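Asks: Take a look at this one; I'll ask things after.
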Amino acid sequence: MQTTFPRLLLKHASERPQAPAMREKEYGIWQTIHWAEMAQMVEHMACGLHQAGLTRGEHLVVIGSNRPRLYATMLAAQSLGAIPIPLYQDAVAAECVFPLNNAEVRFAVVEDQEQVDKMLEIREQCPQIAHIFFDDPRGLRKYDEPGLASIEELLASGAVFAKQHPDFYVGEVEKANTHDVGAMFFTSGTTGNPKGVVHTHYSLINRAEAGAKFDHLTSEEDVLAYLPPAWIGQNIFSYAQWLYCGYVVNCPESAATVTIDLKEVGPTYYFAPPRVFEGLLTSVMIRMEDAGALKRKMFHYFMDVARTYGPTKMDGKSIGLGGGLLYALGNLFVYGPLRNTLGMSRVRVAYTAGEAIGPDLFSFYRSIGVNLKQLYGSTETAVFVCLQPDHEARADTVGVPCAGVEIKVADNGEILVKSPGLLKGYYKNDAATAEVLTADGWYHTSDAGFFDAHGHLKIIDRVKDVGRIKGGPNDGAMFAPKYVENKLKFFPHIKEVVAYGDQREKVCVMINIDFDAVGNWAERRNLPYAGYTDLAQKPEVYGLIKECVEKVNADLAEDDLLAGSQVSRFLVLHKELDADDGELTRTNKVRRGFIAEKYDALIVALYGGATEQFIETQVKFEDGRTGSVSATLKLSDAKTFTPVGKAA
Amino acid sequence: MSKKIGDVILDVKNISLRFGGVKALTDISFNVREHEVRAIIGPNGAGKSSMLNCINGVYTPSEGSITFRGQTFDHMDSRQVAEMGIARTFQNLALFKGMSVIDNIMTGRNLRIKSNLFMQALRIGPAQREEEEHREFVEHIIDFLEIQAHRKTPVGQLPYGLQKRVDLGRALAMEPQVLLLDEPMAGMNVEEKQDMCRFILDVNEEFGTTIVLIEHDMGVVMDISDRVVVLDYGKKIGDGAPDEVRNNEEVIRAYLGTSH
């Protein structure tokens, strides 16, 4: 297979020039870009970049949300043999410094003024940045910086060049080999500097193909691209698979309009991390509470029906005549309209990945007829490692190995993977590469897990995070922080959790409430509050959270292995953990170690048995300014249960 | 690179306004240059809104004249004012609460719609094409003000800060040469104020619209205006660049009070 991304583009452009490639909502109307137009735009852009001095093997960063011209930029760079690096558009300027310097980036193609400002801010630290091109000229009229120009100008100069050298573009595309480096992704990393994950055209296209064949994707799919393109998940779904399958990628108007756009587009292939599914469900539930009595009754009745029959039906098994009839009625009155409101009427395949998904959440979508499944993979594996087949989706597994993948569970429980989609290495970081990619060809995922009786992979936690309780009644018990955190996060009122317990005698957690859900809960109880901090410290809210913690404890007590991980004490944080403050990664994973240092006083108080603790923390606002938040937090005990195994 | 401030476009001369025995404005004169941001400030009851209402044609001044682009009037007619390209926003938001954001902004296009009511109702003749053109213009404003997510939301359901933005959008729909803003930042939180400042400056810079604004918040005014007029008890007590005005003894006295 000698395919590269630009070749796939040219193939679609010549075979089906008038078929839609992308749509972008602008001025309230979905504007279509056909494959032929796309190919021409890419050609002009490539010529423009060539004139500007972009050379083979050089890196170029793309920063912005899902915009057709930014996707075209990635193709244009690849056409010239350069390597596009998508960076997170919500990263603060300082976070861009490392990737830009690490990859010696001279070219930045960015979305708008916000991103241009970031590039200009760090120009002194990254003096090699020679060219900054922007898509949206708004607010940039007065800017007079060297090397700053619009994509519009780039395309115009490229068009002139293309006319003078009609064979240049195709010649450049022909030079590429499928095993050339195709793209680089920086992993957010919970510690240290981010690492550049190097992928070839081959590794990405091979995985795109494996995923597409597994779910029988065609050129007829519609996809909504709304997650950061810097995340490999979004990049596979709206770039690699887009070019492999030739389906339509739809770009929403703005981040605020995604739910409206989702409904208008009605994607057939949908991908989202659990938090998006959760957000959608929460908004439905809140609106349902406000609906009339009849509607509410009907909703709850048929949701009970869905819970009873839905999952069985989705597994492709018979639910009997009575069940079938009830479910059909429910579909007519509730599930159908609900899927429509969620924008999922046409969804044929939906995936969730990146984090564990709550069993209730997972079965909710499946029970109303959305074919939601899970997959397992990471940046280093170009996503597709395990996938759940259509009728075998479970909330607690991540599916079976897909085509080309070989999996082995190491003695310490770590999952090892062999796949054509593995990274080539970390950029300029042989030590890190050697750590994960051993000479025998296995990639070490650092996830701990095992295969269940049906051959499905089950993930427990990160290998390095699995710890031991030390001292106290549970001495030596296994402690899986993420497992505990996830169990708590499955409650709609809890947004984020950080659990501690390794090398300590008991487990304590810090909790972030979900402001929307708890705020709504408080309003229904006529509980006045003055904002996030105030709400978080209400005794009633502590009561609510305590119930959740104790339910989790009861649940954990039933599991022999993890009964020692029950939560003894907890507190509710006064501020939301935020990526801007370094407490979460850009993909919203908690940075346990960093948080432990920052909130050391709280941890001491949790383990010391205090009932109150004052804390002051610095916060960073989105515009880069800083401020501080302070509060006196309450600390609360939670009931733990005797392990079921021991009692018997 | 900074914008070019042009010649005087609006010249207010010796305006006085009386309501019976109450003198709201006494002998006020000031001018507005093309492309500038001109602020009128003053304590409560200083006569700021009255001044705007005189320019706008809502009030008829008892004395004085107003010259706009070389034409001098002793009183302004509000429809004529609109036709000449002067638009305004309101302190207390005069939006149609039950109508969507699009429809509210569309009303700003009213003066520019040529087809008659009959044609519009039946969508015959040029009516449909015309509506599409106007809708496109309105979409540009929606994009400019970043309210795409609220296009079809009834205005009454929007938070106050966004309603203010819609109010601005409707004024912009008139493609005004001069925009009169009556306390655009009143009742907003810090973040909303910053947004509004940015939009005002963007309107001024991107479209070259001349802006006359009334504002309470001294900080905001000093940051975004080119020149400031200060009123107190219906009299002009200061006029000039923000720095001059800030150091003006009388202005300090009016704002901070005096010790007797």
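The values are calculated or read from the model by the stated rules, or taken from the named source; none is laboratory data. Everything quoted here is computed from the prediction, not taken from an experiment. Neighbour counts are summed over all protein chains in view; Cβ atoms, including those assigned to glycine, are modelled from backbone coordinates with ideal geometry.
Asks: Just to be sure, is B:Phe118 of a type outside the set (D, E, K, R), under 25 Å from A:Leu140 (Cα atoms) and at pLDDT below 95?
Replies: So B:Phe118 fails the test.
Asks: Could you figure out which of (1) more than 13 Å from chain A (Cβ to nearest Cβ); (2) under 23 Å from A:Thr257 (Cβ atoms); (3) touching a residue at least 40 places away in the same chain (Cβ under 8 Å) isn't true of B:Arg112?
Replies: (2)
Asks: Going through the stretch B:175-205 one residue at a time, which ones are touching a Lys or Arg at 6+ places or on another chain (Cβ under 7 Å) and surrounded by fewer than 17 Cβ atoms within 10 Å (Cβ to Cβ)?
Replies: Listed by number, the list holds a single entry, B:Glu205.
Asks: Out of the residues in the stretch A:395-417 that are hydrophobic (A, V, I, L, M, F, W, C) and in a loop (DSSP other than H, G, I, E, B), which is nearest to A:Thr312 (Cα to Cα)?
Replies: A:Ala395
Asks: Something else: Which ones in the stretch A:555-580 are acidic (Asp, Glu) and more than 9 Å from A:Asn512 (Cα to Cα)?
Replies: Listed by number, the residues that qualify are A:Asp555, A:Glu558, A:Asp559, A:Asp560, A:Asp578, A:Asp580.
Asks: Failed condition for A:Pro137, given (1) modelled with pLDDT of 95 or more; (2) within 14 Å of chain B (Cβ to nearest Cβ), with all others met?
Replies: Tallying (1) modelled with pLDDT of 95 or more; (2) within 14 Å of chain B (Cβ to nearest Cβ), A:Pro137 fails exactly one: (1).
Asks: How many residues are free of Cβ contacts under 8 Å to residues at least 60 places away in the same chain and either of a type outside the set (Val, Ile, Thr) or closer than 13 Å to B:Val212 by Cβ (or both) if we restrict to the stretch B:18-43?
Replies: Residues that pass the stated criteria total 5.
Asks: Can you pull out every residue in the stretch B:115-132 that is within 14 Å of chain A (Cβ to nearest Cβ) and in contact with a helix residue (DSSP H, G or I) (Cβ under 9 Å, 6 or more places away or on another chain)?
Replies: The one that is within 14 Å of chain A (Cβ to nearest Cβ) and in contact with a helix residue (DSSP H, G or I) (Cβ under 9 Å, 6 or more places away or on another chain): B:Glu131.
Asks: Let me ask something additional. Restricting to the stretch A:420-436, what's the tally of residues that are farther than 13 Å from A:Thr379 by Cα and either touching a residue at least 60 places away in the same chain (Cβ under 8 Å) or within 24 Å of the chain's Cα centre (by Cα) (or both)?
Replies: 6
Asks: Are any of the residues in the stretch A:237-260 of a type in the set (Gly, Ala, Ser), under 28 Å from A:Val398 (Cα atoms) and within 21 Å of the chain's Cα centre (by Cα)?
Replies: For the stretch A:237-260, residues of a type in the set (Gly, Ala, Ser), under 28 Å from A:Val398 (Cα atoms) and within 21 Å of the chain's Cα centre (by Cα): present.
Asks: Looking at A:Lys487, A:Lys482, which one is at pLDDT 85 or above, part of a helix (DSSP H, G or I) and within 15 Å of A:Ala395 (Cα to Cα)?
Replies: Testing whether each residue is at pLDDT 85 or above, part of a helix (DSSP H, G or I) and within 15 Å of A:Ala395 (Cα to Cα) leaves just A:Lys487.
Asks: To continue, here is another question. On the given criteria, is A:Phe277 touching a residue at least 12 places away in the same chain (Cβ under 8 Å), more than 14 Å from chain B (Cβ to nearest Cβ) and either over 30 Å from A:Val109 (Cα atoms) or of a type in the set (Lys, Arg) (or both)?
Replies: yes
Asks: Same structure, new question: For residues that are part of a loop (DSSP other than H, G, I, E, B) and charged (D, E, K, R), scanning just the stretch A:344-363, find the one that is surrounded by the most Cβ atoms within 10 Å (Cβ to Cβ).
Replies: Checking each candidate, the answer is A:Arg348.
Asks: Further question on the same structure: Among residues belonging to the stretch A:9-27 that are in a loop (DSSP other than H, G, I, E, B) and surrounded by 15 or more Cβ atoms within 10 Å (Cβ to Cβ), point out the one that is modelled with the lowest pLDDT.
Replies: Only one residue tops the list, namely A:Tyr27.
Here's the yes/no breakdown for (1) at pLDDT below 90; (2) farther than 29 Å from A:Asp290 by Cβ:
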position: A:Val518; (1), (2): no, no
position: A:Pro528; (1), (2): no, no
position: A:Gly543; (1), (2): no, no
position: A:Glu550; (1), (2): no, yes
position: A:Leu556; (1), (2): yes, yes
position: A:Leu561; (1), (2): yes, yes
position: A:Gly564; (1), (2): yes, yes
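Asks: Can you tell me which of (1) within 14 Å of another protein chain (Cβ to nearest Cβ); (2) buried (at least 20 other Cβ atoms within 10 Å of the Cβ) is the one A:Asp117 doesn't meet?
Replies: Going through the list (1) within 14 Å of another protein chain (Cβ to nearest Cβ); (2) buried (at least 20 other Cβ atoms within 10 Å of the Cβ), A:Asp117 breaks only (2).
Asks: Could you tell me whether any residue of the stretch A:506-525 is β-branched (Val, Ile, Thr), over 25 Å from the mean Cα position of the chain (by Cα) and buried (at least 22 other Cβ atoms within 10 Å of the Cβ)?
Replies: Yes, some residue in the stretch A:506-525 is β-branched (Val, Ile, Thr), over 25 Å from the mean Cα position of the chain (by Cα) and buried (at least 22 other Cβ atoms within 10 Å of the Cβ).
Asks: Among A:Gln113, A:Gln164, A:Gln51, A:Gln89, which is the only one that is touching a Pro at 6+ places or on another chain (Cβ under 8 Å) and either over 30 Å from B:Lys4 (Cβ atoms) or at pLDDT below 95 (or both)?
Replies: One residue alone meets the criteria, A:Gln89.
To keep it simple, each residue is scored yes or no on (1) away from chain B (no Cβ under 14 Å); (2) free of Cβ contacts under 8 Å to residues at least 12 places away in the same chain; (3) more than 30 Å from B:Asn204 (Cβ to Cβ); (4) in a helix (DSSP H, G or I).
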site	(1), (2), (3), (4)
A:Thr73	yes, no, yes, yes
A:Cys96	yes, no, yes, yes
A:Leu100	yes, no, yes, yes
A:Val105	yes, no, yes, no
A:Ala108	yes, no, no, no
A:Pro127	yes, yes, yes, no
A:Val170	yes, no, yes, yes
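Asks: Now, a different point. Which condition breaks for B:Leu172 when tested against (1) within 14 Å of chain A (Cβ to nearest Cβ); (2) crowded, with 20+ Cβ neighbours inside 10 Å?
Replies: Exception for B:Leu172: condition (1).
Asks: Answer yes or no as to whether B:Ala46 is touching an Asp or Glu at 6+ places or on another chain (Cβ under 6 Å) and more than 28 Å from B:Asp202 (Cβ to Cβ).
Replies: It is true that B:Ala46 is touching an Asp or Glu at 6+ places or on another chain (Cβ under 6 Å) and more than 28 Å from B:Asp202 (Cβ to Cβ).
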